[in-house]
Amino acid sequence: MFFPGWSTLLFVLSISYLAVALPVPISKRSHDSLQRQSLRLPISLQKRAGLTSEAGVGDLADLIYTVSVNLGNTTTAVVLDTGSSDLWVMSDACKTDVCQQSSSTPYATATARHTEAGVNLQFGDSTTGTHASGPVVLDTVALAGLSMEDQPFAAINDTNNSAAQHGTAGLIGLGFPSQSFVQAAVVNKQFNSPPTTDAFVTGTASNGPLLSRLAMSGQLENPMFAVAFQRNTIDVSGSGSITIGQLPDEIDNSSITWVPVRLYGAEDGGQNPPTFAPNETYPLRWEVPLDGVFLDGQKLSDTNATGVNKGLSALIDTGNSLIRGPQDVVNSVLRTVSPQFAADPTSRPLFPCATPHNLTFQIGGKMFPLDPRDFISPNSTQDATNCVARNVVATDPPSKGSLYSWSLGAPFFKSNTVVFYYGNLTHPSVDPPRIGFVSNVPQNANDLLQQAIADANAQGGVFESTVDVAPTASSVITVSATSLTLPTASATIIDRLASSPSPTSSTDTSSAFSSRALATYWYASIVLVSCILLA
């Protein structure tokens with residue numbers, strides 16, 4: 001399917017998008033060391049009896065990627081987000097303008113069991129701020145056919161956040177328990193705001209985020225999940241999916257580059273250790289060290305920006321629609337690729353579509369480039385000659401609780417399959433968390449870019465674009481224990497999100513939680529509506 005007005009739409013909205021979509025991470029930090037020495041990498045994955053599952057993801061023009069969840073009797077779509085840890089969903093009790101105007105399926109609260117706890121999740125960036133608040137409830141929740149009874153999540157009854165609009169009803173955070181405000185609220189209610197983190201750490205198995213609970217339950221073949229995104233603009237290709245409990249079928253462990261997840265000490269904004277494990281240090285985010293960043297083979301400077309400096313690292317974030325980096329380094333990239341931007345930094349970073357550029361991240365000693373098809377964006381309608389470097393933008397310097405310099409979002413997941421391994425969530429030193437990377441960029445990526453341009457010119461200068469709806473209950477996914485096939489509980493879609501949230505306020509069990517920016521959803525929402533109209 002083609003949307004003839006896609007390029008025009010991007011051109012009209014791009015300036016406002018870039019003006020509002022820059023997140024402001026409010027920090028929490030980690031150790032000077034990234035604990036490389038304690039890891040035995042690469043890891044050997046055990047082949048043991050356990051559940052595995054795989055489901056497709058929704059994608060609208062590479063703006064927001066979604067998955068389907070079942071909550072009690074409700075099936076709805078939520079944004080897939082490794083940058084946060086909580087599941088929150090618009091409920092049928094929400095009467096705000098956003099909820100009333102939403103086309104998303106709200107959670108039917110009739111099946112909810114109340115915890116008497118609540119959350120007020122605050123999101124924001126440099127220019128905007130939104131909220132999502134409501135009670136924390138318990139219900140059976142399923143993702144990709146894998147379910148947990150009595151799963152805590154926020155049934156939002158008051159929000160102005162547009163994640164609850166246009167086909168999605170909220171967010172599912174796949175991050176670590178230490179960043180979970182929902183879990184903190186439940187533990188505080190149960191234990192009257194305990195002075196230590198003991199109840200919080202031990203309570204993850206019953207009160208933690210969905211995938212953390214599955215990882216701790218022993219039900220999975222391995223405590224991990226893998227994510228890859230399809231490409232729905234420029235050159236429609238690839239296959240988006242989330243695989244839980246095992247590696248995707250096409251990937252062998254020997255092909256994976258494994259690197260440790262940064263651990264955050266309490267002094268840097270991380271979780272205080274429990275009294276029964278006083279020497280443990282816990283992960284806060286899916287954040288890994290970077291060896292360097294390269295543009296067209298030339299190493300870029302780390303940054304000259306001020307901020308907490310504890311080593312170059314990157315947040316690996318499915319809820320971020322862009323590649324975000326230090327302001328000075330991003331400006332250097334744009335000056336290099338765009339003579340127009342070099343001459344006038346206030347202008348759009350235009351460059352020839354046919355000139356492939358390779359932005360590459362060195363991780364674990366290996367190069368992981370962005371596919372040149374994921375570096376470019378259309379600049380205007382019916383023009384496959386001039387493109388714009390819109391997928392690389394600036395973010396705030398590292399700060400306490402947010403030590404990363406770079407945030408690698410949807411363009412990175414279109415170019416790479418990423419494996420997230422939880423390890424041991426109560427005693428990380430026993431089995432440390434880590435992330436594995438496999439490049440999906442083909443050897444002939446430059447040729448494929450040229451072919452995409454030729455195809456666009458044959459269509460009057462309009463690049464290819466399509467919409468994928470996240471699989472619904474009428475589709476089928478595979479859930480294996482011994483080889484069991486179940487219908488999926490799926491969703492509707494939108495596509496990539498600018499930056500996923502870590503709320504800025506909530507009841508805090510352990511002083512372990514951080515704030516992170518959620519870049520505005522308005523751009524994606526307008527694109528979605530416009531694409532539907534153009535269809």
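The values are calculated or read from the model by the stated rules, or taken from the named source; none is laboratory data. Please read these numbers as outputs of a predicted model, since none were measured by experiment. Here Cβ is always computed from backbone atoms with ideal geometry, including for glycine, and neighbour counts include all displayed protein chains. Keep in mind that these areas ignore ligands, DNA and RNA; they rest on the heavy atoms of the full protein, side chains included. Shrake-Rupley method; radii C 1.70, N 1.55, O 1.52, S 1.80 Å.
Couple of notes before you dig in:
- Evaluation of A389 against (1) over 20 Å from the mean Cα position of the chain (by Cα); (2) at pLDDT 95 or above; (3) open to solvent by 10 Å² or more (accessible area, probe 1.4 Å) (one fails), failing number: (3)
- Scoring T336 on the criteria (1) out of contact with any helix residue (DSSP H, G or I) (no Cβ under 6 Å at 6 or more places or on another chain); (2) part of a loop (DSSP other than H, G, I, E, B); (3) of a type outside the set (A, V, I, L, M); (4) closer than 26 Å to A452 by Cα leaves a single failure, condition (2).
- The residues of the range 72-101 that are assigned to a loop (DSSP other than H, G, I, E, B) and surrounded by fewer than 21 Cβ atoms within 10 Å (Cβ to Cβ), listed by number, are G72, N73, D92, A93, K95, T96.
- For the range 394-445, the candidate set comprises residues that are modelled with pLDDT under 95 and not in a loop (DSSP other than H, G, I, E, B); within that set, the residue that is farthest from the chain's Cα centre (by Cα) is S399.
- Hits in the range 135-183 (condition: among the polar types (S, T, N, Q) and farther than 30 Å from T281 by Cα): T140, N157, T159, N160, N161, S162, Q165, T168
- If you filter the range 244-270 down to residues that are of a type in the set (D, E) and more than 28 Å from G145 (Cα to Cα), you find that the one that is least open to solvent (accessible area, probe 1.4 Å) is D268.
- Residue in the range 197-218 that is surrounded by 19 or more Cβ atoms within 10 Å (Cβ to Cβ) and more than 26 Å from V137 (Cα to Cα) present: no
- Flag for V293 being farther than 28 Å from A226 by Cβ, at pLDDT 95 or above, open to solvent by less than 10 Å² (accessible area, probe 1.4 Å) and over 20 Å from the mean Cα position of the chain (by Cα): no
- Counted as qualifying within the range 240-332 are the strands (runs of 3 or more DSSP E) with 3 or more residues that are in contact (Cβ under 8 Å) with a residue 24 or more places away in the chain and not acidic (D, E), namely 241-244, 257-260, 292-295, 313-316, 323-326.
- Of residues in the range 350-376 being in a strand (DSSP E or B), open to solvent by 10 Å² or more (accessible area, probe 1.4 Å) and touching a Ser or Thr at 6+ places or on another chain (Cβ under 9 Å), the one farthest from L448 (Cα to Cα): K366
- Residue count, the range 102-141 (criterion: outside any strand (DSSP E or B) and farther than 19 Å from V69 by Cα): 3
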